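Participant: Let me begin by handing over the structure; questions about it come next.
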């Protein structure tokens, strides 16, 4: 038992010492701890996921009254595309590739506008024998894609912060 405890302690020290972070655990720069959020579909799946990820990272989302005092994340558009990538011998689609493309901007008052683009890909097998299960599975995959796109968008805030710091030091 003591041997396992020592091994666990050693692994914990090694992982924390090398800078290991869990996937999706974005470090939000202080500049973006308070933000405005805009979307043409504020109650859509993508907007809900982005707000959820922001809240999970302790980012305060401000009201529209205060929007000019804080950086803003604006979702310009999101597009879900479905492409056939394999077919059955009878010519029907057997497998699809779902592609979610999100275009957004980070607007920093008195500074600049930074465009962000995120693409998320997933494959989806079409089983014509189970139509209801197929539509449920596709819906679940799409929700997962929205969640992944939100995590990637928020993760890109760190790179914008580094660009801002370079500009401010010059």
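The values are calculated or read from the model by the stated rules, or taken from the named source; none is laboratory data. All of these numbers come straight from a predicted model, not from anything done at the bench. Note that each Cβ is placed from the backbone with ideal geometry, even for glycine, and that neighbours are counted across all protein chains shown.
Participant: Looking at the stretch 144-162, which of its residues are touching a residue at least 24 places away in the same chain (Cβ under 8 Å), part of a helix (DSSP H, G or I) and under 18 Å from residue 120 (Cβ atoms)?
Facilitator: Once the filter is applied, which keeps residues that are touching a residue at least 24 places away in the same chain (Cβ under 8 Å), part of a helix (DSSP H, G or I) and under 18 Å from residue 120 (Cβ atoms), the stretch 144-162 yields 145, 146, 147, 148, 149, 150, 151, 152, 153, 154, 155, 157.
Participant: Related question: Which number in (1) touching a residue at least 40 places away in the same chain (Cβ under 8 Å); (2) assigned to a strand (DSSP E or B); (3) under 19 Å from residue 37 (Cβ atoms) marks the one condition that residue 53 misses?
Facilitator: (2)
Residues checked against (1) exposed (fewer than 10 other Cβ atoms within 10 Å of the Cβ); (2) modelled with pLDDT of 90 or more; (3) over 29 Å from residue 141 (Cα atoms):
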position	(1), (2), (3)
4	yes, no, yes
26	no, no, no
30	yes, no, yes
34	no, yes, yes
39	no, yes, no
47	no, yes, no
52	no, yes, no
56	no, yes, no
59	no, yes, no
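Participant: Would you mind finding the one in 104, 94 that is farther than 30 Å from residue 36 by Cβ, in contact (Cβ under 8 Å) with a residue 12 or more places away in the chain, in contact with a strand residue (DSSP E or B) (Cβ under 8 Å, 6 or more places away or on another chain) and surrounded by 12 or more Cβ atoms within 10 Å (Cβ to Cβ)?
Facilitator: The match here is 94.
Participant: Which of the residues belonging to the stretch 122-142 are more than 19 Å from residue 92 (Cα to Cα) and loosely packed, with under 12 Cβ neighbours inside 10 Å? Outline the logic, then answer.
Facilitator: Initial filter on the stretch 122-142 (more than 19 Å from residue 92 (Cα to Cα)): 122, 136, 139-142.
Within the stretch 122-142, 136, 139, 140 meet the criteria.
Participant: Could you tell me which of the residues 139, 114, 146 is modelled with pLDDT of 90 or more and more than 17 Å from the chain's Cα centre (by Cα)?
Facilitator: Working: 114 fails: more than 17 Å from the chain's Cα centre (by Cα); 146 fails: more than 17 Å from the chain's Cα centre (by Cα).
Exactly one of 139, 114, 146 is modelled with pLDDT of 90 or more and more than 17 Å from the chain's Cα centre (by Cα), namely 139.
Participant: Do the conditions hold for residue 8, that is, is it at pLDDT below 95 and either under 18 Å from the mean Cα position of the chain (by Cα) or more than 28 Å from residue 158 (Cβ to Cβ) (or both)?
Facilitator: Criteria met by residue 8.
Participant: Follow-up question, since we're still on this one. Do any residues in the stretch 114-139 that are at negative phi and part of a helix (DSSP H, G or I) have Cβ atoms under 6 Å from those of residues that are modelled with pLDDT of 85 or more and surrounded by 12 or more Cβ atoms within 10 Å (Cβ to Cβ), where the two are at least six apart or on different chains, and which pairs are they?
Facilitator: From the stretch 114-139, the pairs are 138/124.
Participant: Would the stretch 73-86 turn up any residue that is at pLDDT below 90, in contact with a strand residue (DSSP E or B) (Cβ under 7 Å, 6 or more places away or on another chain) and closer than 29 Å to residue 140 by Cα?
Facilitator: Just the residues of the stretch 73-86 that are at pLDDT below 90, to begin with: none.
Checked the stretch 73-86: no residue is at pLDDT below 90, in contact with a strand residue (DSSP E or B) (Cβ under 7 Å, 6 or more places away or on another chain) and closer than 29 Å to residue 140 by Cα.
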